[in-house]
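Before any comments, here is the structure.
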Amino acid sequence: PPLGQAITDSSTEPSSEPAEDDDADRKKPPQKLIYTIRQVLDLLQPRHLQVAWLEVHQAFMLEDLEPVEAFVQGVLEHEEKIDNVPQLLILARYCRRLDRIEDATRLTERALRIDDENADVQLELAEIALSREAWSDAVDHALESTELRFQNPRAHVILGTALESCEDLQNAEVAFGVAANQHPGNLDVQRRLLALAEGRGSTDEAAQRR
């Protein structure tokens, strides 16, 4: 029988021992877990995918894009089955890395229709705009993301990058400064702040950042 059915049918045989019935009830998986398992099965079984989500993400992190491409292709053939924001954003991120910008945009816009006050959705839209060099859109989405969640160093980096590309160097420096405060270990941001300080002739500040 299907896994979900097997789970719900387990521990349901009648017993003459009330204590055993109580123990069996305690061992039953929570209904929320059963529902989640069924969702996963509904998502994966019809596609006959050869690579699991976690394996694909590991390949993605290792820049092994061939299995990621195969996974994305399989999922996009049935993308209407995906109706939750985290999975849509993961797929959008994969598509963006694979230069499938139209697919990434469509998936993220679907996520936006589900939750229009999600900082991560706005962040992904900012990432997409950045990859398209649509600086104004990147600024808008990055700002929206930081308004929804201020502790958001990547959004501040995108904001600084887009503003710098628009030659709004003063506000770019502010955005990079916030990103540096939120994530002091980001050396790229430190280098950008150094370059901006040197560009406006602030030798003392530049020396401090070296």
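Over the stretch 73-127, what percent of the accessible surface lies on carbon and sulfur atoms, probe 1.4 Å?
41 percent
Relative to 2.2 N^0.38 Å, what does the C-alpha radius of gyration of the stretch 141-189 come to as a ratio? Two decimals please.
It is 1.01.
What's the extension gain from Asp137 to Glu167 if we count 0.36 nm per residue and subtract their Cα-Cα distance?
9.3 nm
Determine the principal axes of the Cα atoms in the stretch 56-178, then give the extent along each, sorted from largest to smallest and rounded to whole angstroms.
45, 29, 22
Label points 7 Å out from Cα along the Cβ direction at Glu198 and Glu147: separation in nm?
3.6 nm
The values are calculated or read from the model by the stated rules, or taken from the named source; none is laboratory data. No experiment lies behind these values; they were computed from the predicted model shown. Virtual Cβ from ideal backbone geometry, glycine too; neighbours counted across all protein chains shown. Surface areas here come from the heavy atoms of the whole protein model, side chains and all, with no ligands, DNA or RNA. Shrake-Rupley method; radii C 1.70, N 1.55, O 1.52, S 1.80 Å.
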